[in-house]
Structures are given as structure tokens and as C-alpha cells.
Amino acid sequence: MSAATTKHDPYAVFRFQSYRDFFWGMFLSQIGMRIQTIAVGWEVYERTGEALALGLVGLVQVVPVIALALPAGFLADRYPRKTILMFSLVGMTLASICLAMVSAMGGNILLMYILLLVDASMFSLGRPARMALLPQLVPKRLFSNAVTWNQSIFQVSMVVGPAVGGYVISIHPTSSYWLCALSSAVFFILSLRIRVMGQPCTEGVDEDADKSIFSGPKFVFTTPLLLASLSLDMFAVLLGGAVFLLPIFAKDILGVGVTGLGWLNAAPAIGALFTTFFIAHASPMRRAGRNMLVAVAGFGGATIVFGLSQSFWLSMAMLVLTGVFDTVGVVVRHTIVQLATPDRMRGRVSAINSVFISVSNELGGFESGLVAHFFGPVISVVSGGVGTIVVVLVAAIKSSSLRRLGSLQDVKPAVENEGMDGTVSKSTG
């Protein structure tokens, strides 16, 4: 009881300067990336008028995540994570500057795809390091508190970014890319002040480099709880992701234009924001596995209603609900990933996690665009929501470790190569 009481202080991590710098840097960069995402989607659809072109935006961004995941995870466990993070921020800043120039000159769409590929490559290179850096910024006892606040600041940026993005695009579209570049540059400057704590990143790394690179996937696929939570979220969002089709719904179905598009993009984050703050201040979940299954099913149901809606406000309400349900799954998944993984492997496991996330988001966008191209946007969204519910039913039947998962506070690091089943332990470790 005393440990739980200590962890329940929701603001403890903000006493550490390094975490505050990381926190605000992440906040600003996430806002910038969301603004740029809105701008790219709107500009591509305005200039091509094709749903498939929107799907390709997702495809070019997911390819680097898959291609660079293993080497990026290995680097994050072998070299200073802060240095890798800063290098990726420089690359992202330069890519956004180039996108701004291409947009201003009305350059070729193919060139925009290439620059998006570069931007996604730099982001993917730094992503495992950024995710694995978090445990080195705060004491171990405050780690779960930091994870929760990181999720909440992500949701704030998801609200602010699209709302600001829609407004900026309506006035001066090119400025969206400049704002993204500025946000990455500010994160780089704040990163200069970050000081890590704890053991060096290289401790415990396998001597055999090849085995070290592939030990991340091996660890994930031999830890059933970790694999189940990642797979459920990936397939559900891959099938149920309607975000990439929002320009079509805003312009052709709901008739609300670019300003409405900004609010539609912000709607899931509005629901997610309130849910995250509620989770941060509430008592720990007692049946996290059940909550995750119910939440993902709810995500699918809200997606179906959104696809059938022709009312802007009903569509907004359903997107808010997708944010509410998605946040429950995200908090459970991220906490499992971080707490069930030994620190020496967090870079490599975070890389696998990033693949699951991006496959569900960007590749899900390509899937949605492809289905919309042949069958229309409504069928694409509704069928995806139905598929999400089917995935939940399969996961509920097949994964006993996820069904039995109780409090997240009881999850402790699984032991590499011992075939641990990933179930919770009565020791908080």
C-alpha cells in the first residue's frame, strides 16, 4: 500500500529538470509534426484529388519505420540515446525546411513524397532512443508516473496541433512546414540540457552484434503478454484507422472545409486528453487486460458509426470516443512494454513497439486509402471498424495472459531467454 501511495503523486516527475526539458521538447515537436501532417494530407489531396494519393502518404512514412527498426533499436542500446535523439532532430528539421520550400514553389508531388520519406527515416532512427531515454531521466520509482504524463502531453499536442494546423493552412499553408521545423529545432536546443541518470546504455548488451540486433524481436515473440498487447493494438488500429481519410470526409461528405478538417483531426485527441488525465489522477487499473479488450472493441464500434454519419457533430462525437477508447489501450500497452522489458533491452524492444505502432497507423492509412479508392470511403471505414471488433474477439479467445492481466503495477521485467509467460507478478520489482 505504501508503494502505491507514493506512486499516486501525479506531479512528482516535474521536479527533475531533465524530464521537464524532455517533456516540453516532446510537446512542441509533436505539435509541429501534427501541423505538418495536416498540411501534407490537405495539400496532396487538393493537388491530386485522389484517395490513393493520401494512402501513399502513409506508405512512404511506414517504410522507414520497418526498414530501420532493428538497427535503430540496436543503436539506442549501444550508444548514447541523447546523441541519437539530437541527430534525428537535426534531420527532421532540415526535411521540414525542404518541404516548406517545395510547397512554396508548388513543386512536384513526387518530391514531397521523397522528403516525407527522409523525414520519416530521421524520425524512425531516433524513435527507439527517445522512447528508451525516458527511464534514464527520472528515478525508477517514478517511471510509471513519467510514462503517464508523456502520454498526456502527446494527447495535448494532438488537440492543439490539428486545431492550429487547420487555421494556419487556411491562411498560409507553407507556414505549416516552417512551424514544424521550428518545433524540432527547439526540441534540439532543449535536449542540450538533458542529463541522463542510471547505468550506461551499453551495460548488458550481448557481445555478438548480430544476436544483439535480433534479440528485440526474440524477446517480444517469447513474452506472450507483450506480444498479445502489441498485436491487438496493431491490428485494431490498422483496420479501424479512419484518420487518413478525414480530408475526404471533411470536403466531400461533411462539407466543412479545411477548418472543419482541423477539428475532425483534433477530435480523437480531445477524448484522449481527458481520458489520460483521468487515468493519471485515478487509482491504478485493477483489470487492465479486460479494460484493454473492451476499449479496443469500443474503438471499432465508434469507427463504424463515424463511417455511416453524415452529421459533422455526430462525426465529431464518434471521433472523440475513438480517442477515449484508444487511450485506454495505449496506456496499458505502453506500460506493459516499459515495465516488462529490462533496461538494457529497452531500445530494441522500443524499436519493435515503434514498428507495431507505425504499421497500425501509416500502413493502416494506406489500407484505408486503397479500400476507399476501389469501394469508397464509407465502406473503407465501416469495414475497418467491423474488422477491429473481430480482432478483439480473436484476442480475447487466444490470449489468456492478456485476459488475466490485473493491475499494471504488478508487471515486472521478464527474464530474457527464459521463456517467461509475461504474466504479472505479485512483486512490484
Handout entry: Verdict on Val258 being of a type in the set (Val, Ile, Thr) and farther than 21 Å from Ala51 by Cα
Key = no
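Results for (1) at pLDDT 65 or above; (2) on the phi > 0 side of the Ramachandran plot; (3) assigned to a helix (DSSP H, G or I), shown as yes or no for each residue.
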| position | (1), (2), (3) |
| --- | --- |
| His373 | yes, no, yes |
| Val378 | yes, no, yes |
| Gly384 | yes, no, yes |
| Ala396 | yes, no, yes |
| Ser401 | yes, no, yes |
| Gln409 | no, no, yes |
| Lys412 | no, no, no |
| Glu418 | no, no, no |
| Thr428 | no, no, no |
Exercise for the section: Taking the residues in the stretch 161-181 that are surrounded by fewer than 19 Cβ atoms within 10 Å (Cβ to Cβ) and of a type outside the set (S, T, N, Q) as candidates, determine which candidate is nearest to Trp24 (Cα to Cα). Expected result: Tyr167
Exercise for the section: Return yes when Gln151 is within 16 Å of Leu28 (Cβ to Cβ), within 19 Å of the chain's Cα centre (by Cα), of a type in the set (S, T, N, Q) and at pLDDT below 80 and no when it is not. Expected result: no
Practice task
Have a look at Arg333, Arg344 and point out the one that is out of contact with any Gly (no Cβ under 7 Å at 6 or more places or on another chain) and touching a residue at least 60 places away in the same chain (Cβ under 8 Å).
Solution key: Arg333
Fill in the blank from the handout: All-but-one check, Arg34 against (1) surrounded by fewer than 23 Cβ atoms within 10 Å (Cβ to Cβ); (2) of a type in the set (Lys, Arg); (3) at pLDDT 80 or above, failing number (1)
Exercise for the section: Check whether at least one residue in the stretch 228-247 is surrounded by fewer than 24 Cβ atoms within 10 Å (Cβ to Cβ) and charged (D, E, K, R), and report yes or no. Expected result: no
Problem - Filtered residue count, the stretch 58-104, keeping only those that are in contact with a Gly (Cβ under 6 Å, 6 or more places away or on another chain) and either closer than 24 Å to Thr37 by Cβ or at pLDDT 80 or above (or both) - result: 6
Completion exercise
Filtering the stretch 1-31 for residues that are among the charged types (D, E, K, R), modelled with pLDDT under 80 and part of a helix (DSSP H, G or I) leaves a count of 1
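One line per residue, one yes/no per condition, for (1) among the aromatic types (Phe, Trp, Tyr); (2) modelled with pLDDT of 75 or more; (3) closer than 20 Å to Gly32 by Cβ; (4) not in a helix (DSSP H, G or I):
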| residue | (1), (2), (3), (4) |
| --- | --- |
| Phe187 | yes, yes, yes, no |
| Leu190 | no, yes, yes, no |
| Ser212 | no, no, no, no |
| Gly260 | no, yes, no, no |
| Phe274 | yes, yes, no, no |
Handout entry: Filter result for the condition that a residue is among the hydrophobic types (A, V, I, L, M, F, W, C) and without any contact (Cβ under 8 Å) to a residue 12 or more places away in the chain, over Leu110, Leu125, Leu117
Key = Leu110
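Listed here are the residues, each with its yes/no results for (1) part of a loop (DSSP other than H, G, I, E, B); (2) surrounded by 20 or more Cβ atoms within 10 Å (Cβ to Cβ); (3) in contact with a helix residue (DSSP H, G or I) (Cβ under 7 Å, 6 or more places away or on another chain); (4) modelled with pLDDT under 85.
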site: Asn291; (1), (2), (3), (4): no, no, yes, yes
site: Gly298; (1), (2), (3), (4): no, yes, yes, no
site: Ala302; (1), (2), (3), (4): no, yes, yes, no
site: Val305; (1), (2), (3), (4): no, no, yes, no
site: Met318; (1), (2), (3), (4): no, yes, yes, no
site: Thr327; (1), (2), (3), (4): no, yes, yes, yes
site: Val330; (1), (2), (3), (4): no, yes, yes, yes
site: Arg333; (1), (2), (3), (4): no, yes, yes, yes
Practice task
Restricting attention to the stretch 11-66, report how many residues are of a type outside the set (A, V, I, L, M, F, W, C), within 28 Å of Ile171 (Cα to Cα) and in contact with a Phe, Trp or Tyr (Cβ under 9 Å, 6 or more places away or on another chain).
Solution key: 9
Handout entry: Residue check for Ile357: part of a helix (DSSP H, G or I), at pLDDT 80 or above, more than 14 Å from Ala228 (Cβ to Cβ) and not charged (D, E, K, R)
Key = no
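The values are calculated or read from the model by the stated rules, or taken from the named source; none is laboratory data. None of the values given here were measured: they were computed from a predicted structure. As a convention, Cβ positions derive from the backbone with ideal geometry for all residues, glycine included, and neighbour counts pool all protein chains shown.
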